[in-house]
Structures are given as C-alpha cells and as structure tokens.
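Enquirer: Pasting a structure below so you can have a look.
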Amino acid sequence: MKYSLEDLIDIKKFQRLMKEFYYITEIPHGLIDAEGNILSGIGWQDVCIKFHRMNPRSAFRCKESDLTVSNTLDSNKKFELYRCKNGLMEAAVPIVVENKYMGILGLGQFLFQEPDITFFRKQAEEFGYDIDRYIEAVKRIPIFTREKVQASMDYFFHLAEMLSNMGLNSLKQKETENLLLKANEELEEKVSERTAKLAIVNKQLKKDIKERKIIQRKLEESEERYKKLIEIIPDSIVVHDKGKIYFVNPAFAQAVGIENCEELIGRKIFEFIHPHDHILLECCTNYITKGNILPLTEKRLIDVEGNLIDIEATGRLFNYKGEKAVLTVARDISERKRIKKLQKKIKEEQRLLKESKEYEKLKKEFFANLSHEFRTPLNIIYGSIQLLEHDLKDILKIKKCRSINKRIKVLKRNTYRLLRLYNNLLDITRIDSGYFELELKNCNIVSLVENITMSVAEYTKSNNIKVLFDTDKEENIIAVDCRAIERIMLNLLSNAVKFSKSGGEIFVKLYSTDKDVFISVKDTGIGIPEDKQQIIFNPFRQVNKSLTRDHEGSGIGLSLVEALVNLHNGEIKVNSEYKQSSEFIIRFPITQIKNGEKVDIDYDMNHNNRNNINLIDIEFSDIYLLNRLIK
C-alpha cells in the first residue's frame, strides 16, 4: 500500500507539540515530506520566510536544497548537517518507514559563527531584496554551538524514530480495523465460518494488543527522553499557579540551593523572589494569564542561604496535567552583570589614569615654564651686573651714568618678576594648604577699586591704552581684605594691558544690588577661545603655552585671583569673544564686620607692599617694556 508522511502523522498534534517545544527551547524545526512540501515549521527566520522563500529564484534554491538533502541522506546516519544554497546552516534527520524514505525532520535556520555580511549583501543585490531589511534579518539569525546542534539533533532523531513507529502502527491499526469490519460482514454472511474467522480475528487482536503495548512502551520512552531533555537544559524551568509551585527542573533547584526538586513542589514561589520584586512578579503573572508571552524581564532570586541571583525570565501559559498554569523559564545573568560592572570599573580606571597622565603632563609643562621664568630674569640680571662692573670702571664719565641707570632699571624689573612669581607661588600654596587668612576691614570698595585702576595709568599710557572707570554709587562699604583686592585688580588689569593692542581700551565698572557688589574688567584685546575659557582659572593653565609668546607668566595668576575671590565668598566668571574682547566679572557679597571701623582707602602705591617695593611694578613686571626703556 502506498502512503505519505501525512497519512502516518497527525500533523496538527505534531505542530502543537513542536510549538510548545520551541517556546521552551527556542529551537526551530521544519517537517518536509519526500516531495519537498513543508508540512510543519516554527521558529523559521525572517530571512527565510520573508526573503528566500518569497522570491521565485531563491525559493527554487530552497526547494532544490531540500530535495538534494533528501537524496543524499544516509539512513544509517542519525542526521545530516548541511548549508543550504542561500547560505544558512540546517540539519536534517531522515524519516524512514520500512526502508522507505518519507521525509525529513530538520533544524534550522542557524549559523555557527557571525554572518558574512558581504556575502549576504551580494545575495540581496542578486535577488533584488531590500538590502537594509535583509541585512537586519540576517543579523537576527541565531548562532548555535555545535554541541547544542548535536544535542538537539539527537533529540530530533529519537523524535523522528518515534514518529516513524507511531505512524506505521497507526496505519496497521487502520488495516486491522478494516479487517475486523470485513470479518464482521463475512460473519453475517457466513455463519458457518464464524468460529474459524473469529479465531483469526482473535489472533490478529492479540497481535494488535502486543503492538499497542510496544507503542505504549515507546511512548513512555519518549516521555522519558523529554523529561531528560528538561533536566539537562541549563536554564531554570518552573511551573506555578497562584503562587504555588507544581514543577521545577534541576537547574532551578540548584539555583536556589536545594538538591531534591520534590522539596520545592507545593511551596510558594515568592519565597525565592526578592521582596522588592514581588509586585513585579504579580504583574508578570497577570500579563501571562491574559494569554500573552512575557518578554525577557530581569528579576532577583533568593537562594536558601539568602544570596541574591540576578535572572532574566520569560513565560507563557502552559497546560499542566489538564490545568492551565504559568510556565517560567529563567536564565542566570549574574556573571553577565558582573562582567558589565567590571567593564564599567575598568573604564573608570582608564579615565582616572588618563586624567593622571594629563595632570602629570601639566606639572611637567608648569615646571618647564617655571624654570624658564626663573632662568630668563636671572640671566638678564647676571648680564646687567657684568655690564655694571664694566661701566663702574669709568663711572666718572657723565655719559656712562645714563647707561648704568638703564641697566639698574632692567635689574629692578626682573627682580620684580621674580618677586611676583614668588608671591603668587607662596600665596597659592598657603591658600591650598589652608594657612591663608584674610584681614577683613570695612572698606569703601568704590574708592579702593577706582584708586587701584587709576594708579596703572603710567603703564597703560606707555602702551597707548585708555583706561575708563565707572560706578553707579560713590560709596559702598563692605568687608574685604584690601591687599587681596589689590592683588585681584592688579592681576586683571595687567592681563588686560598684556593682551590689548596699542590704541585699545580697558573699562572698569562697579555696580551693585541689594545683596552683592559686581566689578567688571573689560578690554578690547585678543579675547579667549571658547574651548579655553573653562580652563583659564585652573592652576598652571595658559591659553598660549609657547616659550616664544609675547608676554610672560606662570599660569597661576588667574588661579590665585579665583582663590582670593572665593575666600571672600564671592565668584568670578569670564565672558569673551575671541579676537574681540574679554570681560571678567567679580561678585562680592555685601557684608560688614560688626563694630568694625570704616576704612576709606586712599590708594597708595607703597602702602601694602613687601620690602617697600611697589605692588604695581611687581604685578606689571611681566609686560615687556624693554624696548621703550632702551629707547
């Protein structure tokens, strides 16, 4: 009798069985008869069903691959592993009934390694696919290990063997039933032959019973194989309903620290879920009971010793012993999270290492610059002294006196530079160490700032720079350290002079609110690039680090200014337009010392100096006036 694979197998029941198997294992399958017709399939990739089998040319390749495999299958081999003509890996188990090839049970589609995008892109162009959608579908092709394929195909082999035997027995059962009907008709027609035919029927029935027992035994063996498959799956599997556990696999029992799975039956699943995730579990369960498949969701298990285990779980409704329950499959992601945390830590350490290297680089630049700052004035002083020694030999000659005076000025100016550098380094070190104390006095900040501004007129005039001062009040008494205000203003003014061209202007404006006093120092100089404005207040930072720059400096002046402003509980910010202007705005809170004496400062160039040296000369010593002095 000629029969097909559909005659041997209940295709709908097989599809339901393999559908549930797919949801548990995520292993796709395909059942194809001897003519290449697809009888059942689930988990097939979009790249196959939406592209390969939709295009006539590539679909022909698919069918050609199926038939080629069926012709090359060896009945003595458990399965055949092959690559289809469209580039995907598949594995097939032959279904043979009484030495007759009936079809294949296949696993696919998958890859053993990351897809060759160049190959698939070329294939997309060849068949006229949407390249971007096709490549996206290619990237979703699952990548299996050979071990997983081997284990899966062992299972498919046993399943194919079971299907073959069940189909054959089913067919024989139908034949037996036909024989019984025929025998019954013959019994009605031939009463005389009833006894003999009944004996024949009884004999056949005994044979059928024996065969049914064989089928039953094979079914039990199949169930045992299915049970073993569940046991060896590394992911945790739990069947529960209304919080009560009905089934667990060894992987879940091992995860929560219990050796015997039976000890978990009947217990509450909430015992093994972190309390903070109970509401999440209830929401997930409600979502599943409505017929939905739960997407991967992170939760935290608790083992019997109280240890936390990070998991990633999915779930769906599941018929368990005739009743609907929730099937949950979970995977331990603790190691994955630990690796991510370690990667984050490594990234942070790399960032700190980079910052440390940058800081070391800054220190090197600072000390190189500092060495230059000390060496240059000392060399000039030394050379001037030598020239003085030479000039003193003929000091009685009047024409030499002017030369000596010029060189003394050079010595003084470079001495001022050394003193300024020393003062800045000393003060910034004291501030950083917490040993710098302000000498606060109630002072008219308006007259103080105005006197300081007007005192630099000689320097601005010699550089052909105009200085303007404006205020909204003639008197505003606040508590400040007068010497610190001098340092702040002179530093900002000297910077304004340094970076302003001849014919430029410097505007100093003082205005106030009910709570604060603001001092603005604005120039029409070269400005500050936007990417440098955030670093100019950092110690040792300079916009121009070159040793050939127009003006000298150690890079700590503005850092010292900011530190002194902060000691007054104030703040400083910069507004600058590159190659146009720069404006530094200082805010001081209006505070006064109780019972403090009002000090109306008449600014004196020598009133607060060190060793009777003018602070203006010190702060402006970095501005090169050598050409003018020589002239």
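Enquirer: From the square roots a ≥ b ≥ c of the eigenvalues of the alpha-carbon gyration tensor of the range 432-495, which class results: rounded (a/c under 1.5), prolate (a/b over b/c), or oblate?
Expert: oblate
Enquirer: Explain nothing, just compute: Karplus ³J(HN,Hα) = 6.51 cos²θ - 1.76 cosθ + 1.60, θ = phi - 60°, for every residue of the range 317-330 in order, whole Hz, x for Gly and Pro.
Expert: Karplus values, whole Hz, x for Gly and Pro: 5, 8, 7, 10, 6, x, 10, 6, 9, 9, 9, 10, 10, 10.
Enquirer: Okay, next question. Mind listing the long-range amide H neighbours of G527? Cut-off is under 5 Å, sequence gap 5 or more, other chains count too, H placed in the peptide plane at 1.01 Å from N.
Expert: Correct list: K579, Q580, S581, S582.
Enquirer: Now for a different question. To the nearest 10 square angstrom, what accessible area does Y129 show with a 1.4 Å probe?
Expert: Spelled out: Y129, probe radius 1.4 Å, area about 30 Å².
Enquirer: Where does each of L88, L426 land when they are ordered by accessible area, with a 1.4 Å probe and the largest first?
Expert: The ordering from most to least exposed comes out as L426, L88.
Enquirer: Now, a different point. In percent, what relative contact order does the range 133-256 have, based on Cα pairs under 8 Å that are 6 or more apart in sequence?
Expert: It rounds to 18 percent for the range 133-256.
Enquirer: Let me cross-check H29: its accessible surface, 1.4 Å probe, with only protein heavy atoms counted, in Å² to the nearest 10?
Expert: 0 Å²
Enquirer: If you don't mind, there's one more thing I want to ask. Using the beta-carbon distance between K50 and E305 and R0 = 56 Å, what value does 1/(1 + (r/R0)^6) give for FRET efficiency, to the nearest 0.05?
Expert: Step by step, r from the Cβ atoms, then E = 0.70.
Enquirer: Further, regarding this structure: Tell me, in nm to one decimal, what length is gained between C283 and N423 on full extension, where the rule is 0.36 nm per residue of separation less the Cα-Cα distance?
Expert: The span from C283 to N423 would gain 43.5 nm if fully extended.
Enquirer: At F469 and E193, where each label point lies 7 Å from the Cα along Cα→Cβ, what is the point-to-point distance in nanometres?
Expert: Here the modelled spin labels are 13.9 nm apart.
Enquirer: Say each of R57 and Q343 gets a label point 7 Å from the Cα, pointing the same way as Cα to Cβ; how far apart are those two points in nm?
Expert: About 4.0 nm separates the two model spin labels.
Enquirer: Tell me, what is the 1.4 Å probe accessible area of E282, in Å² to the nearest 10?
Expert: 90 Å²
The values are calculated or read from the model by the stated rules, or taken from the named source; none is laboratory data. Since the model is a prediction, treat every value here as computed from it, not as a measurement. Methodologically, a virtual Cβ is constructed for each residue, glycine included, from the backbone with ideal geometry; neighbour enumeration extends over all protein chains shown. The accessibility values were calculated without ligands, DNA or RNA, using every heavy atom of the protein model including side chains. Shrake-Rupley method; radii C 1.70, N 1.55, O 1.52, S 1.80 Å.
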